[in-house]
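See structure below.
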């Protein structure tokens with residue numbers, strides 16, 4: 001037995017011990033893969049964990065608008081099954097845009113809560129129910145206690161919970177550094193779109209930063225924004241393109 | 001014979017002829033005993049159904065009719081004529097041939113429905129007198145003796161009767177003739193006393209010692225709800241609105257009301273809905289009596305669910321909807337649905353979360369921004385006329401240089417809604433600034449003609 005396999009076995013037993021301590025070893029952990037190898041590879045389990053709370057915030061000015069962050073979450077929600085609960089305090093979601101990333105208006109139920117406290121209460125209620133595909137809430141402050149409640153609710157029901165952190169002032173956005181119980185934490189910032197050979201705006205691009213992942217490492221990716229079915233993709237220039245490579249080889253040989 | 005069906009009528013039989021005579025004519029005639037009591041009960045049931053579906057004020061117009069006050073409710077059914085058609089259609093579905101008339105007064109509607117030509121009619125307001133003139137006087141709800149008496153006088157139509165001097169008529173036949181005429185023509189009012197729903201499902205509990213603690217209230221809610229559900233189960237009903245009345249020792253009453261989007265008979269769910277509202281109760285010196293009333297109950301059928309062999313059934317979220325609606329209010333819980341309009345702010349509307357799903361969808365020609373500002377914000381911009389995107393714009397004090405843009409997408413005002421919008425146009429552009437942020441800008445106007453708008457620039461949405 002090589003040293004490598006020894007190390008692997010040790011890690012396996014350690015992981016098993018940790019999950020036993022965490023108390024959800026009996027539950028089958030399921031994930032929602034992004035379908036992009038580079039991103040899924042960085043996430044424990046190979047995708048966004050279901051039955052967990054995730055946090056998403058916009059970068060730069062998007063911390064206030066949450067346009068890219070909202071689109072990113074809509075894309076994730078679009079790839080789940082069942083109804084989606086979307087909880088807001090100030091309603092400015094433009095429903096046709098959600099349809100353009102594959103999240104139909106028929107599936108999305110909005111809740112307009114009057115305060116952050118109400119948002120969190122509805123969020124928890126939605127997560128506890130367990131019959132929803134995803135529960136998305138736009139919330140500014142998320143304390144450790146609140147996030148732990150949400151994480152527990154998500155864990156017991158197996159629902160996917162996404163908190164879009166959205167602040168009213170740029171100075172408040174520093175709050176994103178505070179620790180919470182969420183499993184992953186993402187920041188989505190807009191990047192200049194893919195250049196086109198003709199005048200016009202190309203496919204939008206985002207800088208997707210995985211700031212925190214429980215049992216995983218941080219990473220950042222430059223991705224092309226969600227397509228009509230909510231899927232991300234890597235820009236063609238960055239993706240390794242084995243098929244094209246092979247085609248080029250064939251062409252060179254011919 | 002009291003009544004005959006269509007086939008018998010074709011044979012020449014009419015209500016009123018003796019049974020023996022009819023049997024002599026047609027020996028294989030099928031006869032059934034009349035059941036006036038059963039008819040009356042059936043009619044009352046039907047009245048309740050109409051009260052539930054059409055209008056709140058419904059009364060039995062014995063022996064064979066119903067009278068409804070549809071004031072202010074016809075628009076809910078698409079207008080008066082569609083409403084009548086719908087009623088007749090539903091009655092036909094249940095195996096009844098019915099006639100329906102909308103008129104100004106109970107008397108005239110009664111007369112025209114029974115003696116008018118068309119099975120469905122809407123008598124315009126103010127045309128009652130002319131509509132009634134040709135009808136026989138039997139239509140006036142007068143006793144049989146008076147009708148016969150008038151017939152011997154040679155009066156058979158309402159028009160001539162109404163034109164006769166009142167005094168001799170009153171002297172001979174009593175006040176009924178004048179009263180019925182006035183009621184039919186709307187000169188005196190006639191109240192419709194609505195049917196009352198049958199006693200609601202209700203359970204109650206008295207306490208020897210007044211209770212006050214939230215846990216105790218919750219415990220007794222937990223005891224009352226199963227009893228209520230049992231009562232509902234016996235009737236095959238589910239609750240839509242549930243009232244919990246708490247009578248305090250100082251003879252004041254506290255109330256909790258919960259509503260559900262669909263009929264519910266689930267003990268756990270109702271208990272939970274009620275228990276969430278306990279904190280709103282002020283028990284004062286204690287509660288001595290609790291009454292739980294299903295103030296609005298609807299029939300609830302057991303439905304066949306989709307077999308997992310064919311398709312996986314989507315989870316039922318109606319219980320979550322109820323919980324949230326009782327917390328944040330029904331208005332705050334909605335879905336968006338497409339509206340056919342090119343103007344972005346009019347292209348959607350809110351519908352209840354559990355409204356039936358529509359098949360319409362938004363057109364997918366152009367990318368749409370994730371966030372739409374509630375009101376377009378004016379920006380300072382410089383653009384080449386007539387149809388070039390801006391070169392730069394200043395929004396909220398930040399100057400942004402436009403790197404690339406898509407557009408224009410021209411949107412015209414909806415002149416069929418508002419005369420002022422006849423000439424209005426907007427040119428929408430999707431622009432990206434040098435830092436990569438994408439915005440939805442529009443120019444009010446087409447850039448050439450002054451009447452199409454102010455030619456100012458506005459920011460309407462933000463792209464992800």
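Enter the angle in degrees (range 0 to 90, nearest 10) between the Cα long axis of helix B:176-185 and the first principal axis of the Cα atoms of chain B, meaning the one along which they spread out most.
For B:176-185 against chain B, the angle is about 20 degrees.
What whole number of Å gives the distance from the Cα centroid of the range B:137-214 to the Cα centroid of the range B:388-425?
64 Å
Could you order the peptides B:8-15, B:138-145, B:152-159, A:9-16 from most to least packed, using the average number of other C-beta atoms within 10 Å per residue?
Ranked from most to least packed, the peptides come out as B:138-145, B:152-159, B:8-15, A:9-16.
In peptide B:353-363, how many Cβ atoms from other protein chains are near each Cβ within 10 Å, on average?
3
What value, in deg cm²/dmol to 500, does the helix sum -39500 (n - 2.57) over DSSP H runs of n ≥ 4 give at 222 nm once divided by the residues of chain B?
About -8500 deg cm²/dmol.
Whole-Å semi-axes of the range B:142-226's equivalent ellipsoid, largest first, each the root of 5 times a Cα gyration tensor eigenvalue?
Semi-axis lengths for the range B:142-226 are 62, 13, 11 Å.
Relative contact order of chain B: what whole-number percent is it, with Cα pairs under 8 angstrom and at least 6 residues apart?
8 percent
For A:203-215, what's the mean count of beta carbons from other chains sitting within 10 Å of each residue's beta carbon?
1
Per residue of B:316-328, what is the mean number of Cβ atoms on other protein chains within 10 angstrom of that residue's Cβ?
5
Mind ranking B:39-45, A:108-114 by how tightly packed they are, going by the mean number of other C-beta atoms within 10 angstrom, highest first?
In descending order of packing, they fall as A:108-114, B:39-45.
Determine the relative contact order of chain A: mean sequence separation of Cα pairs under 8 Å and six or more apart, normalised by residue count, in whole percent.
22 percent
Report the Cα centroid-to-centroid distance between the range A:118-178 and the range B:309-359 in angstrom, as an integer.
If you average the Cα positions of each part, the centres end up 21 Å apart.
Give me A:210, A:21 ranked fewest to most by other Cβ atoms within 10 Å of their Cβ, as a rough exposure proxy.
Ascending Cβ contact count within 10 Å gives the list A:21, A:210.
When DSSP beta bridges are limited to those with both residues in the protein assembly as shown, what percentage is antiparallel, rounded to the nearest 5?
75 percent
Taking Cα atoms, how many degrees apart are the long axis of helix B:36-53 and the longest axis of chain B, rounded to 10 and kept between 0 and 90?
Roughly 20 degrees between the two axes.
For the range B:361-384 and the range A:201-219, what is the centre-to-centre distance using only Cα atoms, to the nearest Å?
After rounding, the separation between the Cα centres reads 27 Å.
What's the angle, to the nearest 10 degrees (0 to 90), between helix B:214-235's Cα axis and the longest principal axis of chain B?
Value to nearest ten degrees: 50.
Between residue B:415 and residue B:130, what's the calculated FRET efficiency when r is the beta-carbon distance and R0 is 45 Å? Round to 0.05.
Calculated value: 0.65.
Most mobile of A:52, A:174, A:225 per a Gaussian network model of chain A (Cα springs, under 10 Å)?
Of A:52, A:174, A:225, the most mobile in the Gaussian network model is A:174.
We did not get these values from a lab; they are worked out from the coordinates using the rules stated. Remember, predicted model here, so these are calculated numbers, not experimental data. Here Cβ is always computed from backbone atoms with ideal geometry, including for glycine, and neighbour counts include all displayed protein chains.
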